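Written below as structure tokens is the structure these notes are about.
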């Protein structure tokens with residue numbers, strides 16, 4: 001199993017140069033990817049912008065959206081964004097997409113959330129097949145696509161159009177159960193081989209309360225569920241080690257650890273925890 | 001901490017005990033609207049595992065509870081005029097009244113403030129006056145109602161109509177009784193709970209309940225009626241009523257079990273159908289988890305989150321098992337003629353918590369007899385006392401001219417993969433989608449088996465597979481509106497960017513918004529496609545295939561006629577269920593004729609998983625018609641009729657549909673649904689839910705070690 005690290009692009013008040021330094025150190029460290037979250041109506045840096053910047057600071061790691069809310073974009077623009085980051089990174093993009101759960105993002109984008117599933121399907125086909133005859137809108141066929149979400153249609157969508165499944169977080173057991181659903185969908189749709197399975201988890205090594213406060217704020221739209229996400233925040237090297245082991249045993253291919261505190265020491269401590 | 005618990009049921013009282021034990025400074029009071037000795041229901045059941053947890057949590061009550069326990073390790077199944085027994089199921093039960101008395105006494109010893117006859121009408125107000133308000137007030141919780149929006153409550157009726165009686169017949173096992181009445185099958189779930197009484201729950205499907213006239217009877221009349229139905233099994237004993245009223249089971253679920261300082265416990269938070277006997281067990285386990293959450297956590301909010309994180313996943317699993325069990329009892333009447341041993345095994349494994357493998361540990365003789373019976377029933381061995389036989393997965397199957405050495409089916413994407421599947425021991429290998437004509441291909445590289453195909457590759461694959469003892473089925477189909485797509489390595493249903501071909505379907509509706517619009521088939525198209533299926537079936541015979549599978553499912557051409565979502569035709573081939581069946585049946589009949597004595601399997605989507613689509617009842621009727629028109633077996637699949645359905649993926653997600661087709665359409669079934677272990681196959685086949693299972697083997701590290709060993713052996717031998 002590979003381990004990646006999130007960029008602090010959705011933690012409010014994070015200076016841009018810290019995100020770039022973060023990517024640089026991740027590339028020099030034990031990680032296989034750097035990943036960005038996506039939220040429109042929240043203090044954050046656009047995922048494609050931060051990944052584009054990260055490509056300049058990195059040589060090796062994959063750059064990933066974990067996940068981007070595809071339907072918030074116009075399809076051709078989303079495809080152009082993805083193609084651009086993929087090009088700038090020399091083919092290192094993994095594009096995770098989902099419909100997202102936040103109606104305020106759709107409201108801000110002036111879009112009807114009811115059409116989001118259908119829009120995402122269109123985007124995935126476009127990403128695979130290119131636009132209908134328009135110049136410069138045919139992505140390299142190798143852009144790795146992941147689909148996230150917990151509904152039956154999300155699992156079907158991942159198996160129908162993508163290369164794998166991006167899980168939304170939780171204990172290893174929850175990942176395992178989602179992974180078996182992703183595998184069942186893959187087999188049901190007759191896809192050859194097996195899906196790539198990506199997982200994620202939040203961490204705060206030191207400054208736990210700051211990290212928790214960020215999670216409460218970021219997930220306030222989920223109501224009481226935010227506290228469950230806070231409870232899952234990994235706050236000790238041991239918790240991180242156990243989490244990594246659990247995900248590996250559950251069949252995860254790439255586990256992305258997402259920061260909740262935007263201090264560069266957090267990354268150093270994470271590297272120490274993983275190396276130990 | 002000041003804790004107010006609404007409801008003095010087992011969960012509420014037990015929580016009060018544990019909190020007081022944890023910290024005597026907690027101020028705990030319990031409010032109950034009924035008097036202390038009023039109780040409804042009879043006995044409650046615990047498993048060994050739960051008893052272990054109770055012993056650890058509070059040894060004093062554990063001792064009192066186990067003192068008055070009725071224990072058994074047997075399940076008796078009275079069915080027809082037989083009793084089948086299964087052992088090794090260690091369970092205990094106690095009178096609910098006695099349990100409550102023990103818990104009340106312990107509460108008083110620990111100075112819990114118990115108040116009876118107190119009606120709570122404003123839980124929100126109460127929550128403001130206490131640190132923690134606990135809703136332990138049952139399935140119809142007042143506390144929950146007051147916070148329903150924040151908790152995300154859903155309540156769904158489940159299973160049969162049922163009524164809860166007691167009896168003075170003292171049973172010595174958990175007993176299921178199935179009685180055929182002139183109104184339909186009526187069943188009882190019964191178990192002892194003290195020296196003089198047993199619980200006796202009666203249930204039947206709603207239509208039987210109406211037919212029998214229960215809806216018009218009063219309490220005494222329905223009791224007398226049930227006494228009469230179960231007269232033989234009650235052996236002269238009587239049924240006793242305790243507000244015993246027929247009702248529907250309601251499954252309660254909550255997205256969140258707490259809202260600010262209000263938390264739910266037991267039935268208020270979740271109910272699990274009584275047929276897995278876990279309600280009180282789950283409730284008391286909730287109490288243990290909630291009390292323990294306060295050991296580690298300093299704030300109430302964090303403790304409640306920990307409690308939920310621990311309990312929700314465990315309860316979800318029980319609720320899933322309980323739904324499967326409730327569904328089993330709702331439909332058991334359709335399996336009433338299953339041979340007794342299989343009926344018993346199917347019953348014992350109904351919820352998925354007991355499988356062939358763990359029953360082998362609990363009750364080795366049962367499994368030995370089941371295996372021996374199964375093998376003899378399949379004609380493979382003789383049925384004798386003490387007989388030994390392989391487990392169901394390795395029992396041969398004969399259907400028409402097809403003789404399979406075992407129940408395992410494997411697929412392969414190409415000829416080499418099919419040979420490999422045969423070589424690794426599958427009884428039947430099933431080809432990938434093979435088009436009956438080149439315009440019926442899914443992708444440009446989709447194989448075609450038409451008249452003009454010489455088929456030497458097929459012949460050599462089939463010869464090789466036969467050499468390894470496997471039989472071969474070729475899956476024939478016409479892609480219809482799912483045709484002309486890119487190779488499946490990159491995705492499914494991606495329209496071909498170049499070099500496509502015109503598509504056909506029942507109605508001119510594109511499969512996805514990006515797909516090509518198909519042409520609505522006319523009479524000439526139907527004639528041609530039917531002919532192509534028939535000649536492809538002949539080619540299958542010619543290349544030596546043992547069976548053909550017709551893909552009439554998943555939105556492909558023939559399947560598109562069956563579903564009202566994809567067939568909007570106004571002519572004689574659309575509209576009513578009979579009209580939608582016309583073209584598919586004509587294809588089957590043409591193939592049946594062409595196939596001679598070879599087996600014809602039909603693949604059908606048993607539900608579209610979509611609003612206004614095909615549901616199981618209609619699809620099972622279709623399966624029956626297919627059987628009547630010459631299909632030998634149904635390959636049960638679901639969904640994909642349209643791209644936008646809402647599939648329900650989990651391990652074995654097709655098993656219950658296959659069981660329904662087999663029992664209700666009376667036709668053998670083949671089923672997949674991500675089955676990865678021999679244990680799943682032994683359970684499914686042994687219980688009569690399907691006849692063949694599609695196995696997907698998961699690679700193991702051990703095989704790498706095995707390869708190395710083999711190489712080393714070869715190297716040594718070579719030297």
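The values are calculated or read from the model by the stated rules, or taken from the named source; none is laboratory data. Remember, predicted model here, so these are calculated numbers, not experimental data. Cβ sites come from the backbone with ideal geometry, for glycine too, and all protein chains shown count toward neighbours.
A few remarks follow.
- Filtered residues of segment A:219-237 (kept if in contact (Cβ under 8 Å) with a residue 24 or more places away in the chain and over 21 Å from the mean Cα position of the chain (by Cα)): A:236, A:237
- Count - residues of segment B:230-255 that are within 14 Å of another protein chain (Cβ to nearest Cβ) and surrounded by 17 or more Cβ atoms within 10 Å (Cβ to Cβ): 1
- The set of residues in segment B:687-719 being closer than 30 Å to residue B:399 by Cβ and over 15 Å from the mean Cα position of the chain (by Cα) consists of B:691, B:692, B:693, B:694, B:695, B:696, B:697, B:698.
- Matching entry among B:487, B:515 (being farther than 29 Å from residue B:429 by Cβ, within 14 Å of another protein chain (Cβ to nearest Cβ) and touching a residue at least 24 places away in the same chain (Cβ under 8 Å)): B:515
- Condition met for residue B:662 (in contact (Cβ under 8 Å) with a residue 12 or more places away in the chain and within 12 Å of chain A (Cβ to nearest Cβ)): no
- All strands (runs of 3 or more DSSP E) inside segment B:104-182 with 2 or more residues being under 30 Å from residue B:327 (Cβ atoms): B:153-167, B:174-181
- Members of segment B:308-332 that are over 15 Å from the mean Cα position of the chain (by Cα), in contact (Cβ under 8 Å) with a residue 12 or more places away in the chain and surrounded by fewer than 20 Cβ atoms within 10 Å (Cβ to Cβ): B:310, B:312, B:314
- Among the residues of segment B:498-505, none qualifies, meaning not one is within 14 Å of chain A (Cβ to nearest Cβ), part of a loop (DSSP other than H, G, I, E, B) and buried (at least 24 other Cβ atoms within 10 Å of the Cβ).
- Here A:162, A:185 are screened, and the one residue that is in contact with a strand residue (DSSP E or B) (Cβ under 7 Å, 6 or more places away or on another chain), within 8 Å of another protein chain (Cβ to nearest Cβ) and more than 26 Å from residue B:311 (Cα to Cα) is A:162.
- Look at (1) within 21 Å of the chain's Cα centre (by Cα); (2) within 14 Å of another protein chain (Cβ to nearest Cβ); (3) modelled with pLDDT of 95 or more and you find that residue B:641 fails only one, number (1).
- Among the candidates B:109, B:121, B:137, residue that is within 40 Å of the chain's Cα centre (by Cα) and surrounded by fewer than 13 Cβ atoms within 10 Å (Cβ to Cβ): B:121
Rundown of residues vs (1) at pLDDT 95 or above; (2) closer than 30 Å to residue B:192 by Cβ; (3) within 13 Å of chain A (Cβ to nearest Cβ); (4) touching a strand residue (DSSP E or B) at 6+ places or on another chain (Cβ under 6 Å), yes/no style:
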residue: B:257; (1), (2), (3), (4): yes, no, yes, yes
residue: B:264; (1), (2), (3), (4): yes, no, yes, yes
residue: B:282; (1), (2), (3), (4): yes, yes, no, no
residue: B:290; (1), (2), (3), (4): yes, no, no, no
residue: B:307; (1), (2), (3), (4): yes, no, yes, no
residue: B:319; (1), (2), (3), (4): yes, yes, no, no
residue: B:338; (1), (2), (3), (4): no, yes, no, no
residue: B:352; (1), (2), (3), (4): no, yes, no, no
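Results for (1) crowded, with 20+ Cβ neighbours inside 10 Å; (2) under 30 Å from residue A:161 (Cα atoms), shown as yes or no for each residue.
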{"site": "B:388", "(1), (2)": "no, no"}
{"site": "B:409", "(1), (2)": "yes, yes"}
{"site": "B:426", "(1), (2)": "yes, no"}
{"site": "B:483", "(1), (2)": "yes, yes"}
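- Taking segment A:236-276 as the range and being outside any helix (DSSP H, G or I) and either in contact with a strand residue (DSSP E or B) (Cβ under 7 Å, 6 or more places away or on another chain) or at pLDDT below 95 (or both) as the test, the residues that pass are A:251, A:252, A:253, A:254, A:255, A:256, A:257, A:258, A:259, A:260, A:276.
- For segment B:220-229, the criterion of a residue being in contact with a strand residue (DSSP E or B) (Cβ under 8 Å, 6 or more places away or on another chain) and within 14 Å of chain A (Cβ to nearest Cβ) is satisfied by no position.
- Any hit, segment B:76-94, residues being assigned by TED's automatic domain parsing to the domain that holds residue B:115 and assigned to a helix (DSSP H, G or I): no
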